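I have placed the structure first, in the form of structure tokens, so that the comments after it can refer back to it.
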Amino acid sequence: MATRSLEIPTRPFGRANERVSIIGLGGFHLGLPSSDRAAVRLVHEAIDAGITFLDNAWDYNDGVSEKRMGKAIADRRDRVFLMTKVCTHGRDGKVAMKQLEDSLRRLRTDHLDLWQVHEVVYDDEPARHFARGGVVEARRPGPGGGPRRGSLNSHPWPVAGAGPASRRNGSLCSVRALPSELHQGFERRQNRQE
């Protein structure tokens, strides 16, 4: 009996003119195998199977996850939608910028398709992230440098749907998976600033 290969469906990514696979490969687990070779093989198999959305974070396994993902996509960067996250201690622009530079170096790329602020869990965090000198101001100058999109991300509270998107300082920033009270407070703050 012949086996039929199934194609992984894709969906538009927000309002961007890009499509990403509906299944992504999370980077945390790439730091767990005993060898780089095993992690690279996992990433290659995922990409070859049609997974295009690759997720990671600056602090996963002390950077090992990003290094292994970077090694795996070195010859496949144009086939993936690459995202990583700045971590909760990267709340100001300077710390976030250092984490961004570390991530770009580890991932062996000159740009990210999405950069998220990881684990936004306290009510005052969106205001801190968007304040003067906050993480949202982190930029990497030069053509093709830095992330094309950014967002705030909170794992602890699952909330249906995506949050508001706003243009700020020339970059698209989306907020997703925030608790409803925080989400409403953030929308009110954004409306006052417009």
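The values are calculated or read from the model by the stated rules, or taken from the named source; none is laboratory data. As the structure is a prediction and not an experimental result, all values here were calculated from the model. Virtual Cβ from ideal backbone geometry, glycine too; neighbours counted across all protein chains shown.
Of everything in segment 75-107, what is buried (at least 16 other Cβ atoms within 10 Å of the Cβ), of a type in the set (Lys, Arg) and more than 23 Å from residue 11 (Cβ to Cβ)? Give them in sequence order. Across segment 75-107, the qualifying residues are 91, 106. Scanning segment 108-118 for residues that are surrounded by 18 or more Cβ atoms within 10 Å (Cβ to Cβ) and out of contact with any His (no Cβ under 7 Å at 6 or more places or on another chain) yields 109, 112, 113, 114, 115, 116, 118.
Looking only at residues that are free of Cβ contacts under 8 Å to residues at least 24 places away in the same chain and in a helix (DSSP H, G or I) in segment 30-40, which one is nearest to residue 109 (Cα to Cα)? This residue is 37. Evaluate segment 9-24: report whether one residue or more is outside any loop (DSSP other than H, G, I, E, B), hydrophobic (A, V, I, L, M, F, W, C) and modelled with pLDDT of 95 or more. No: zero hits. Filtering segment 33-51 to residues that are over 15 Å from residue 81 (Cα atoms) and surrounded by fewer than 14 Cβ atoms within 10 Å (Cβ to Cβ) leaves 34, 35, 37, 38, 41, 45.
Restricting 95, 117, 121, 135 to those that are hydrophobic (A, V, I, L, M, F, W, C) and under 29 Å from residue 47 (Cβ atoms) reduces the list to 117. Cβ separations smaller than 6 Å between residues 6+ apart or across chains give the following pairs from segment 43-65 residues that are without any contact (Cβ under 8 Å) to a residue 40 or more places away in the chain and assigned to a helix (DSSP H, G or I) to residues that are surrounded by 17 or more Cβ atoms within 10 Å (Cβ to Cβ) and of a type outside the set (Gly, Ala, Ser): 46/25; 65/30; 65/56. Mind checking whether some residue in segment 72-94 is of a type in the set (Gly, Ala, Ser), modelled with pLDDT of 95 or more and either in contact with a helix residue (DSSP H, G or I) (Cβ under 8 Å, 6 or more places away or on another chain) or more than 21 Å from residue 21 (Cα to Cα) (or both)? Yes, segment 72-94 contains at least one residue that is of a type in the set (Gly, Ala, Ser), modelled with pLDDT of 95 or more and either in contact with a helix residue (DSSP H, G or I) (Cβ under 8 Å, 6 or more places away or on another chain) or more than 21 Å from residue 21 (Cα to Cα) (or both).
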